[in-house]
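Presented below is the structure to which this report refers.
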Amino acid sequence: MGKLQEDNPADHKTGDPGNKSCEQEPVTACLLSAAFFGALGSSFIYGYNLSVVNAPALFIKAFYNKTWIERYGEPIAAETATLLWSITVSIFAIGGLLGALSVSSIIRVLGRKGTLLLNNGFAVIAALLLALGETAKSFEMLIVGRFIIGVDSGIALSVLPMYLGEITPKHIRGSIGQFNSILICLGVFTGQVLGLPELLGQVSRWNHLFSFLAVPAVLQLCVLPFLPESPRFLLMERRDEAGAERAFQRFLGKKDVSQELEEVHAEARAQDNVQRASVLQLLRNPAVHWQLITIIITMACYQLCGLNAIWYYTNGILLEAGFAKNIIPYITLSTGAIETLAAIASGLVIERIGRKPLLIFGFAAMAVFFSLLTVFLNFQDSVSWMPYLSYICILAVIASFCSGPGGIPFILTGELFEQSYRPAAFMIAGTVNWLSNFAVGLLFPFVQEKLQSFAFLVFVVVCILGSIYLYCVLPETKNKTFMDISESFAKINKISVAAPAQEMELVLSMKPNVNGKAQDVAKMESSS
């Protein structure tokens, strides 16, 4: 894997000193703003919605019952109440699936940045429906609001990693990409904090928990329009070389971006076509088979590794440990804090350690702590201090997840595919993500009922198998161009790779300019 980086013809042509100086350039305010505000109006909202319904659950159910009585003159039946609540919770994942499926069509028209901006409209509409449902005496508004915010999250989790991966230099692509994971965790933590009884977790304030959804969306709407579109999208799909050059200059903070433009030209020429590929074309192309399999397995493990199921046991374990029920919400804040800190730590070390080691470590550590948790849960009734060990295991599982598996699958989806296949790849990855999320929510209660505390052994198997696959198949992608990464899969895909030296010599002989002359030269030379 290392030889690919050392023998990159671009390095020989441009010189190592130039590459080193490039890697030492500071991160620009423009790039940080795009990463932070992009994630704030996208990933943060997704994370917030994972936790925000927990605190007001009893109040929402009471509202459903009160509305039912006012409409029909009798209390809601227990089965109907359970059904309505189940729909309210699960329809979020159905909306997410629809959002993921619609991404490719939307970005074709609006681009990466434009899609993120449009997505804020969904967040604001959802916030209004969820916040005003009680006033309008309509629980249907809450259900529709949850569906729309699911659509928002499905779009966000596909478009944001795509945007961040395309605007970031390769040597910090992982760190910037982890803004997605960090803001998800921060959103979860914020939902937990605002849901405390002293804040918005009261019968008279619970609807304001949903009003808050509009805040990050509006902040993104105020900042993102002034930031550039993805330069790769502008150059390869819109053929706007002048716009791509300006975007690179703002994101990188330098005037000479010829090397970056040449890299994109090389990627464009190396592909069979620069037009966006459909999902069917992606599935049929043997050159990306193992990339696709890797993303499907990694994204499935992201949801099926058991993190969502861990919340089922948290409150029970704390009660067994002797904590009063009224202070448990404050103790569980530690889970959100651990999530956020682990995600930040992962972002700080990902470019030194790499994606592959962090993923394998995360899944392997989860398998270890799930195994220990199974043991501790079975001795919980016989040993007084055992619940404390169980809770420590829960925190360790959460930290292990956020150290790698919690964010890197989204980064990899953007890295393993070149420009023309990236939208279709994110559509497939998003579909696997949301279907797996829905499956866990649907099936885990039945698995838990049958296996009790041994249910976590199912997740041990998933984590171990995921670690083995990643160890055997996944190449390291840190500090590599998208072309380098594609070449890393060439052998396992059993395809021949065009001689990179000839390709790069031709590209580097071009002098890109705003008039598009370089593209005309490239076409003439390729036709000859």
Options PHE210, PHE179: the member that is open to solvent by 40 Å² or more (accessible area, probe 1.4 Å) and either closer than 23 Å to LEU117 by Cα or within 24 Å of the chain's Cα centre (by Cα) (or both) | PHE179
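Taking helices (runs of 4 or more DSSP H) that do not extend beyond the stretch 421-499, which have at least 1 residues that are at pLDDT 90 or above?
Details: elements: 422-451, 456-473, 482-488, 490-493.
Once the helices (runs of 4 or more DSSP H) in the stretch 421-499 are filtered for at least 1 residues that are at pLDDT 90 or above, what remains is 422-451, 456-473.
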Residue match in the stretch 451-472 (condition: open to solvent by less than 20 Å² (accessible area, probe 1.4 Å), under 14 Å from TRP290 (Cα atoms) and of a type in the set (S, T, N, Q)) = no
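Have a look at LYS113, LYS66 and point out the one that is part of a helix (DSSP H, G or I), under 18 Å from the mean Cα position of the chain (by Cα) and of a type in the set (D, E, K, R). Even if it seems obvious, please write down each step before you answer.
Numbers: LYS66 fails: under 18 Å from the mean Cα position of the chain (by Cα).
None of the others qualify; the one that does is LYS113.
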Hey, can you tell me all the residues within the stretch 381-425 that are surrounded by 22 or more Cβ atoms within 10 Å (Cβ to Cβ) and acidic (Asp, Glu)?
-> GLU415, GLU418
All but one of (1) open to solvent by 40 Å² or more (accessible area, probe 1.4 Å); (2) under 28 Å from GLU415 (Cβ atoms) hold for MET366; which doesn't?
-> (1)
Is there any pair linking a residue in the stretch 321-335 that is within 11 Å of ILE394 (Cβ to Cβ) to one that is modelled with pLDDT of 80 or more and in a helix (DSSP H, G or I), with Cβ under 6 Å and at least six apart or on different chains, and which?
-> THR335/ILE398
Considering every residue within the stretch 240-247, establish whether at least one is surrounded by fewer than 22 Cβ atoms within 10 Å (Cβ to Cβ) and under 30 Å from GLY336 (Cβ atoms).
-> no
Here the residues within the stretch 369-379 that are of a type outside the set (Gly, Ala, Ser), farther than 23 Å from VAL188 by Cα and open to solvent by 20 Å² or more (accessible area, probe 1.4 Å) are LEU372, VAL375, PHE376, LEU377, ASN378, PHE379
Residues in the stretch 421-436 that are farther than 25 Å from MET483 by Cβ and under 13 Å from the mean Cα position of the chain (by Cα) total 4
Exactly one of GLU140, GLU166 is of a type outside the set (Val, Ile, Thr) and open to solvent by less than 30 Å² (accessible area, probe 1.4 Å), and that residue is GLU166
Within the set of pairs 6 or more residues apart or between chains, which connect a residue that is closer than 24 Å to ALA247 by Cα inside the stretch 207-227 to a residue that is open to solvent by less than 60 Å² (accessible area, probe 1.4 Å) and among the aromatic types (Phe, Trp, Tyr) with Cβ atoms less than 8 Å apart?
-> LEU219/PHE37; GLN220/PHE37; VAL223/PHE37; LEU224/PHE37; LEU227/PHE37
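Of the residues VAL264, VAL218, only one is surrounded by fewer than 17 Cβ atoms within 10 Å (Cβ to Cβ), of a type in the set (A, V, I, L, M) and assigned to a helix (DSSP H, G or I); which?
Working: VAL264 fails: surrounded by fewer than 17 Cβ atoms within 10 Å (Cβ to Cβ).
Within the list VAL264, VAL218, the selection yields VAL218.
The values are calculated or read from the model by the stated rules, or taken from the named source; none is laboratory data. Because the structure is predicted, anything quoted here is derived from the model rather than measured. Glycine gets a Cβ as well: all are built from the backbone with ideal geometry, and neighbour counts include every protein chain shown. Heavy atoms of the whole protein, side chains included, go into the accessibility calculation; ligands, DNA and RNA do not. Shrake-Rupley method; radii C 1.70, N 1.55, O 1.52, S 1.80 Å.
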